[in-house]
Each structure stands twice: as C-alpha cells, then as structure tokens.
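Colleague: One structure, as structure tokens, below. Some questions next.
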Amino acid sequence: MRPPPWKIKVVEPIVLRDRERRREALAEAGYNTFLLRSDDVFVDLLTDSGTSALSQEQRAAMELGDEAYAGSRSYYRLERAVHDVYGWRHLIPTHQGRGAEHLLSRVLVEPGQLVPSNLYFTTSREHVVLAGGTWVDVAVPEASVTDALAPFKGNIDLAALERVLMAAGPEGVAFVRQEACLNMAGGQPFSLENLRAVRALTRAHGVPLILDATRISENAVFVKDREPGYEHWPLQRVIREIADQVDGAVFSSKKDHFVPIGGFVAVNDDELAERLRELVVVYEGFPHYGGIAGHDMEALAQGIRESADEAMVRHEIEQAGHLGRLLQEAGVPIVLPVGAHAVFVDAKRFLPHVAQEDFPAQALAAALYLEGGVRSMERGIVSGQHGDEAYDGLELVRLTIPRRVYTQEHLEFVADTVISVFRQRDRVPGLRMVYEPLYLRFFQARFEPLAPLLAARSEHVAHTARDRGATT
Ligand code: PLI
C-alpha cells in the first residue's frame with residue numbers, strides 16, 4: 001500500500017480497555033455497538049460519517065466563518081465551491097444528509113408514489129416512507145451476491161426500472177434515486193454508462209433523477225479505474241460528468257467532504273429550489289446556513305475542493321483494499337470486490353450456525369468489540385428490515401474507515417481481531433432483541449446473547465453440552 005498523502009499534526013489518545021471491561025461495556029450497551037461509549041473503544045470503525053480528520057486548510061478556513069444569520073459570506077463561499085466542483089445551480093444547506101433527504105422527500109413525494117433506487121439506505125428510505133411514498137429496489141441482482149466479482153454492483157437494473165416506470169406512469173413515481181458507491185451493498189460504484197442510461201429512461205418518462213452523491217468522489221475513482229475511456233480524465237472532470245447527468249443531489253458532507261457536520265440538497269430547477277427554500281426555514285434554518293454554523297460552511301467549502309483531490313480519495317480506497325486483502329487471505333468471507341469506504345464481512349457465511357432471525361451480523365459486531373475493542377456496524381436484518389416486511393437480504397458487518405485517521409498498523413490490528421474471532425466463530429451465538437425502537441431501530445435497539453459470547457473454553461463446552469441435552 002502506498003503511504004498516505006498526509007502526515008499527522010494533532011493526535012487523539014486511544015486506549016484498549018481490558019477484556020473484563022469490554023465485556024461489561026458490551027452488556028451496558030445492550031450488545032449494540034452504537035450504544036458503546038467511545039472511551040471504551042480502541043479502533044472505531046463504526047462509520048466514516050463525521051469521523052474524518054480535518055485538514056490544516058479546513059481549520060484555517062474555519063477562522064473566517066461569518067456567523068451572520070442571513071447573507072453570510074461563508075454561504076457564498078460554499079455556494080461557489082458547490083458550483084465549481086459539481087455545477088448544480090441551487091444550493092440548500094442542511095445540518096446533515098438526512099436533513100436534505102427530509103426536505104427533498106417532503107417536496108417531491110406525494111402519498112402513494114414510488115421511489116425506485118439501487119437498494120436502500122436507512123434514512124433515505126425512512127424519509128420517503130414518512131412522506132407517504134414506497135421504496136422500490138431496482139438494484140442489479142449482483143448487488144446482493146457478496147462474492148459476485150462484478151465491477152459495478154451499484155448499477156441500476158435498467159429493465160427493472162423501466163418496468164416500474166411503465167407500470168406506475170410519471171405521476172406514480174416521485175423520483176428515481178441512484179446512490180454513488182452503494183453503501184448497503186458494500187460501497188459499490190455505478191458506471192457512467194449505467195447512470196447515462198438511467199438518465200435517458202427518466203427523461204423519457206418525465207421523472208426527476210436524484211443522485212445520492214454522498215460518496216461521489218470514490219465512485220469517480222472507480223469509473224476511472226474500471227470503465228474504459230476515463231482513465232486519463234482528471235478526477236474533477238469525472239465528478240463533474242457524473243453530476244451533469246442528474247436533476248439534483250443530496251449530500252451527507254460528513255463523508256467525502258471531511259467535515260464533522262453538514263450536508264445539502266442541490267438542484268438545477270428554479271421552482272424546485274424555491275419549494276426547498278420555503279421548507280428549509282421550517283426545519284433547518286435560514287437558507288444561508290441551513291442548520292450549520294458559518295465556520296462549518298467554511299470547512300465544508302474547503303472540504304468539497306479537497307474531495308476532488310485524487311491522491312486523497314485513492315488513499316481511502318486503498319486502505320479499504322488493504323484491510324480486505326488481509327481478511328481474504330485468512331479466508332474470512334467478505335463482500336467482493338472491496339468497495340469504497342469499508343470492508344463488509346459476510347456474517348451469513350462467517351456464522352453459518354446463526355439463523356438470520358437471531359441477528360448474526362449484530363452478534364458478530366459485538367464479538368469483534370469484545371475480542372479487540374474494535375467497533376463496527378451491523379448492516380443486516382436489524383438495519384434492513386422495515387416494518388412487518390420479511391427480510392432475507394444481505395447480512396453484513398461493516399468495518400468503516402474514517403478518512404485520514406488510522407494508520408496501516410491500526411488496520412492490521414483490526415484484521416488480527418477479525419481473524420481471531422473467525423478462528424473461534426463457533427463460540428459466537430445469536431442474539432435476541434429486547435428493545436425495538438419505532439424508527440431506524442438499528443441505532444438504539446438492545447439485545448441479549450442466546451448463550452455466553454466468546455465464552456471461556458470450559459464455559460463454552462458446558463453450554464454446548466447443555467444444548468445437546470447432556471448433563472455436565
Ligand atoms: O448521516 P447523515 O444524515 O449525514 O446522512 C445520511 C446518509 C445518506 N446517504 C448515504 C448514502 C449515507 O451513507 C448516509 C449516512 N451514512 C451513515 C451515517 C453511515 O454510517 O454510512
């Protein structure tokens with residue numbers, strides 16, 4: 001792996017708590033890694049959202065924050081950055097990605113309308129459903145096959161999309177959503193060819209095309225690497241080419257833009273922008289700050305420019321690739337090809353003895369924490385099942401790499417931890433859910449193990465014997 005294109009100027013101490021404390025912390029957290037205190041975590045791979053390191057240029061820019069309620073200089077600098085890098089005409093800042101999704105869903109979705117998308121993202125789907133819409137998965141089938149070595153598993157199935165558009169008619173579809181580096185499938189990119197074909201279909205049917213551009217930079221790198229014809233294009237040009245295909249985009253800037261908070265909706269249509277600006281004052285703030293501070297807008301404007309720096313973006317992808325290779329070499333089942341921002345472990349194949357309704361990915365995330373203080377995130381039935389709908393889809397644990405934060409040694413420690421759990425995987429039992437929140441349950445659900453987790457050998461033997469009905 002190439003050395004990172006940055007060096008470290010400020011450090012944050014981290015501590016590996018002893019195993020007894022980790023076991024205690026896990027129980028206190030209801031076996032949900034979201035509910036752990038970060039003080040109890042050693043390597044935090046929960047998410048790449050808001051966890052990146054700011055650059056010296058971002059920190060310096062923050063000093064220029066204009067905190068005026070209206071007409072802030074920082075807003076205009078942000079607008080210029082969005083315009084220069086992506087080209088969209090109207091910018092509506094929000095506090096983070098889900099703020100943008102909320103506004104867009106309220107403006108575009110009429111009750112009963114459909115939103116076809118390449119797979120789902122948790123908050124994106126929730127806002128569509130809360131606005132009365134129905135989410136329709138039109139991802140290519142290989143998106144849900146963890147070992148399918150397809151280069152563009154983030155593509156939309158064009159025939160499936162056309163069927164939905166024909167059956168529902170333009171009034172039946174609120175918008176089509178395509179997500180860059182499809183998070184829930186493993187950070188998998190779409191090709192520009194596919195995006196163009198989706199553009200043509202949506203145009204023919206008179207339906208808006210909205211990009212979830214949260215990880216557009218990594219998607220653009222994969223286009224350069226895997227799609228013939230773009231290898232010599234500067235990254236900025238590929239990003240712009242993607243942005244040019246869509247009517248608008250939502251962004252969680254907490255990922256590619258390296259900021260701890262912030263997001264936005266950007267659209268080209270004047271009337272749609274007006275509707276969004278009418279609503280932003282109700283839910284986020286004045287259109288010139290949209291729920292973030294002037295100094296946040298400065299960091300974001302600078303971060304947007306850095307997100308088109310190919311060396312920066314490539315390093316993130318290479319870190320994920322390196323961790324993926326270490327796991328693959330040890331036989332750990334992971335999603336292939338390794339995607340943009342994370343390595344996704346296939347919990348169904350890792351823990352074949354745990355039925356999906358006993359939450360294998362949640363159990364595995366708990367075990368990784370117990371084994372090495374490594375925090376990961378469940379991306380399986382807990383995140384994916386919506387309401388009473390049946391779920392037999394992907395069951396993954398995401399090891400997500402914050403940008404510009406961890407070194408190769410950290411990643412190697414993480415690999416050792418995962419491999420160690422893999423070697424004793426028969427000692428990872430399923431879980432039972434004991435508290436289920438009403439919305440987005442994965443954030444705050446609580447669990448109990450069905451048997452002691454990574455129990456000491458003697459305890460494990462006793463338990464297994466009990467399972468078999470033997471007396472010990
Ligand atoms: O977490 P927000 O509200 O800034 O953004 C929501 C959101 C929208 N789209 C996509 C593709 C996301 O990945 C996303 C947030 N992702 C999180 C928090 C993650 O851990 O992946």
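Colleague: So, of the residues in the range 351-376 that are surrounded by fewer than 24 Cβ atoms within 10 Å (Cβ to Cβ) and hydrophobic (A, V, I, L, M, F, W, C), which turns out to be farthest from the ligand (Cβ to nearest atom)?
Modeller: My answer is 355.
Colleague: Ok, one more. For the range 145-157, name all the residues that are of a type outside the set (D, E, K, R) and over 16 Å from residue 180 (Cα atoms). Walk me through it before giving the result.
Modeller: Going through the range 145-157, the residues of a type outside the set (D, E, K, R) turn out to be 145-146, 148-152, 154-156.
Within the range 145-157, 145, 146, 148, 149 meet the criteria.
Colleague: If residue 216 passes every condition in (1) farther than 24 Å from residue 110 by Cβ; (2) touching a Gly at 6+ places or on another chain (Cβ under 7 Å) but one, which one does it miss?
Modeller: Among (1) farther than 24 Å from residue 110 by Cβ; (2) touching a Gly at 6+ places or on another chain (Cβ under 7 Å), the lone unmet condition for residue 216 is (2).
Colleague: Still on this structure, I have one more. Taking residue 389 and the conditions (1) surrounded by fewer than 23 Cβ atoms within 10 Å (Cβ to Cβ); (2) over 19 Å from residue 42 (Cβ atoms); (3) within 16 Å of the ligand (Cβ to nearest atom), which numbered condition does it fall short on, given that it satisfies the others?
Modeller: Only one criterion is unmet by residue 389, namely (3).
Colleague: Condition test on residue 283, is it closer than 30 Å to residue 432 by Cβ and not polar (S, T, N, Q)?
Modeller: On the way: closer than 30 Å to residue 432 by Cβ: no; not polar (S, T, N, Q): yes.
No.
Colleague: Check 37, 59 and return the single one that is free of Cβ contacts under 8 Å to residues at least 40 places away in the same chain and over 30 Å from residue 274 (Cβ atoms).
Modeller: Sole residue among the options that is free of Cβ contacts under 8 Å to residues at least 40 places away in the same chain and over 30 Å from residue 274 (Cβ atoms): 37.
Colleague: So if I check each of 71, 112, 97, which one is touching a residue at least 40 places away in the same chain (Cβ under 8 Å) and within 18 Å of the chain's Cα centre (by Cα)?
Modeller: Details: 71 fails: within 18 Å of the chain's Cα centre (by Cα); 112 fails: within 18 Å of the chain's Cα centre (by Cα).
Every option except 97 fails the conditions.
Colleague: Of the numbered conditions (1) over 18 Å from residue 216 (Cα atoms); (2) within 21 Å of the chain's Cα centre (by Cα), residue 258 fails exactly one; give the number of that condition.
Modeller: Here residue 258 clears every test but (1).
Colleague: Search the range 394-448 for residues being among the small types (Gly, Ala, Ser) and under 21 Å from the mean Cα position of the chain (by Cα), and hand back the single one that is farthest from residue 10 (Cα to Cα). If you could, list the steps in order and put the result at the bottom.
Modeller: Of the range 394-448, the ones among the small types (Gly, Ala, Ser) are 415, 420, 430, 445.
With the extra rule that they be under 21 Å from the mean Cα position of the chain (by Cα), the set shrinks to 415, 445.
Details: 415: 25, 445: 35 Å.
Within the range 394-448, the match that is farthest from residue 10 (Cα to Cα) is 445.
Colleague: Hey, another quick one. Conditions: (1) in contact with a Ser or Thr (Cβ under 7 Å, 6 or more places away or on another chain); (2) buried (at least 24 other Cβ atoms within 10 Å of the Cβ). Residue 324 meets all but one. Number of the miss?
Modeller: Residue 324 satisfies every listed condition except (1).
Colleague: Another question, if that's okay. May I ask you to say which residue of 209, 182 is in contact with a helix residue (DSSP H, G or I) (Cβ under 7 Å, 6 or more places away or on another chain) and surrounded by fewer than 22 Cβ atoms within 10 Å (Cβ to Cβ)?
Modeller: Numbers: 182 fails: surrounded by fewer than 22 Cβ atoms within 10 Å (Cβ to Cβ).
Unique residue meeting the criteria: 209.
Colleague: Next question, about the same structure. Is it fair to say residue 311 is buried (at least 19 other Cβ atoms within 10 Å of the Cβ), of a type outside the set (Asp, Glu) and in a helix (DSSP H, G or I)? Quick ask: steps written out before the conclusion?
Modeller: Numbers: buried (at least 19 other Cβ atoms within 10 Å of the Cβ): no; of a type outside the set (Asp, Glu): yes; in a helix (DSSP H, G or I): yes.
Against the criterion (buried (at least 19 other Cβ atoms within 10 Å of the Cβ), of a type outside the set (Asp, Glu) and in a helix (DSSP H, G or I)), residue 311 does not qualify.
Colleague: For residue 62, are the conditions met, namely being away from the ligand (no atom under 16 Å from the Cβ), modelled with pLDDT under 95 and closer than 27 Å to residue 312 by Cβ?
Modeller: Values: away from the ligand (no atom under 16 Å from the Cβ): yes; modelled with pLDDT under 95: no; closer than 27 Å to residue 312 by Cβ: yes.
Here the answer is no, as residue 62 does not meet what is asked.
Colleague: While we're here: Helices (runs of 4 or more DSSP H) wholly in the range 353-467 with at least 2 residues that are touching an Asp or Glu at 6+ places or on another chain (Cβ under 6 Å) - which ones?
Modeller: 360-372, 408-423
The values are calculated or read from the model by the stated rules, or taken from the named source; none is laboratory data. This structure is a prediction, so every number in the text was calculated from the model and none was measured. When we count neighbours, we look across all protein chains shown, and the Cβ atoms used for this are built from the backbone with ideal geometry, even at glycine.
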